[in-house]
Amino acid sequence: MCAPLCGGHRRQVDGSPRWRTPDEIRRTALFARFEADTLVSMIQHEPIGADDVTDLVLANLKPVDYVGHAYGPDSPELRETVA
């Protein structure tokens, strides 16, 4: 088993994590990083704040939700996911 960073799944011979289904990757800290980086990129490339109209950006970071439900709100896994 690998650390929570790769979702606790076995690794392949080359050391990379092996997920059994595409859905499993969404429950990892790696996906949380991807999701956050994508959100920041989207905000940087949109005209947010470019006029006098207030902009509203809502984001639901799913890995935090998945991990929180799976391991609990005070778990090391959740702390790693939000780090």
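What to note about this one:
- Range of Cα positions in region 19-83 per principal axis (Å), largest first: 45, 26, 16
- For 33, 26, 20, order by how many other beta-carbon atoms lie within 10 Å, fewest first: 20, 33, 26
Quick note: the coordinates plus some simple rules give every number you see, no bench work behind them. None of these values were measured; they are calculated from a predicted model. Glycine also receives a Cβ, built like all others from the backbone with ideal geometry; neighbour counts cover every protein chain displayed.
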